[in-house]
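Here the structure comes first, spelled out in structure tokens, and everything after it is commentary.
The values are calculated or read from the model by the stated rules, or taken from the named source; none is laboratory data. Only a predicted model underlies this, so the values are computations on that prediction, with no experimental measurement involved. Virtual Cβ from ideal backbone geometry, glycine too; neighbours counted across all protein chains shown.
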Amino acid sequence: MPATFTSLLLFIVLLAPGFTYAAVRDRHRPERTSSAFRETSRVVLASVGFNAAALVFFACVRISAPGQTPDVGRIVRDRGPYVRAHYAETITWTAAVLLLAVLFAVLVARLLPRRTSAVNPESSAWWVLFDMNARANGTEWIRVGCELVDGSYLAGQVHHYSPNPEETGDRELALGPPFEYRPAPDGEQRDLTDTHRVVVSARQIKFLGVTYFSRSGGSGGSDGDGRTAARGPGPAPGEQRARRTP
């Protein structure tokens, strides 16, 4: 680890492209938390690659216009005296090379093909259902029917879901009207007529059925009839079912 403030600052600056690459990739596709070694290796290797690309670009500029760029040879040989005499030029070009490396990281993170297979163990099932599949089907809105652990049933339009890639019971699903609610056999009926949003905890979901509605007004999905099912965090049911929501 860096022992001085200057070395720590340099360490952070050199890893900036890798941090940027990881942040942009994870923003467009949340993934489960990997080990510290894997995450660190990912950031370090990405930083090395993007910094190298930026330095190659600088080398090309240096060859084409040597008078407009810092003399790297003198920086290596003289260090302090040359940098003090040409500090403005040195700082400007250092910042430009770093910025170029960060821009390379953003560009590659956006353009690098993403896994398109139907089954991706690195992605949350909720993200696959409510984001990836929805975009692939040209979906305008999604309706979800949830059977809860107490035996009640709640259906509504998906307005928000927790993007946490870790499939835990702490996630939440926000539904909007039109609602359909059926209480448990021993429960009481609830009037949701004037309710704008209902938040359901993943811990209370036994299973859920998803229906995609396209911009043309019909429903459709990757399985042919617009329906798919995802199990909640509780025990797996003996037989997986999918419920068509009205």
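Inside segment 174-217, can you point out the residues that are modelled with pLDDT under 85, touching a strand residue (DSSP E or B) at 6+ places or on another chain (Cβ under 8 Å) and either closer than 16 Å to GLN157 by Cα or of a type in the set (S, T, N, Q) (or both)?
Within segment 174-217, GLN189, SER214, ARG215 meet the criteria.
Can you tell me how many residues within segment 159-192 are assigned to a loop (DSSP other than H, G, I, E, B), farther than 26 Å from TRP127 by Cβ, under 35 Å from the mean Cα position of the chain (by Cα) and not hydrophobic (A, V, I, L, M, F, W, C)?
0
What number of residues in segment 92-125 are modelled with pLDDT under 85 and of a type in the set (Ser, Thr, Tyr)?
4
So is ASP225 over 17 Å from VAL149 (Cα atoms), outside any helix (DSSP H, G or I) and at pLDDT below 80 or not?
Answer is yes for this residue.
If a residue must be out of contact with any Pro (no Cβ under 9 Å at 6 or more places or on another chain), of a type outside the set (A, V, I, L, M, F, W, C) and either touching a residue at least 40 places away in the same chain (Cβ under 8 Å) or not in a helix (DSSP H, G or I) (or both), how many such residues does segment 61-103 contain?
4
Looking only at segment 196-212, decide whether some residue is in a loop (DSSP other than H, G, I, E, B), of a type outside the set (Lys, Arg) and not assigned by TED's automatic domain parsing to the domain that holds ARG27.
yes
It is to be established whether one or more residues within segment 126-139 are at pLDDT 80 or above, surrounded by fewer than 17 Cβ atoms within 10 Å (Cβ to Cβ), under 24 Å from ARG27 (Cβ atoms) and over 18 Å from the mean Cα position of the chain (by Cα).
No, segment 126-139 contains no residue that is at pLDDT 80 or above, surrounded by fewer than 17 Cβ atoms within 10 Å (Cβ to Cβ), under 24 Å from ARG27 (Cβ atoms) and over 18 Å from the mean Cα position of the chain (by Cα).
Filtering segment 35-58 down to residues that are out of contact with any helix residue (DSSP H, G or I) (no Cβ under 8 Å at 6 or more places or on another chain) and closer than 30 Å to SER162 by Cβ, which residue is modelled with the lowest pLDDT?
In this case the residue turns out to be SER35.
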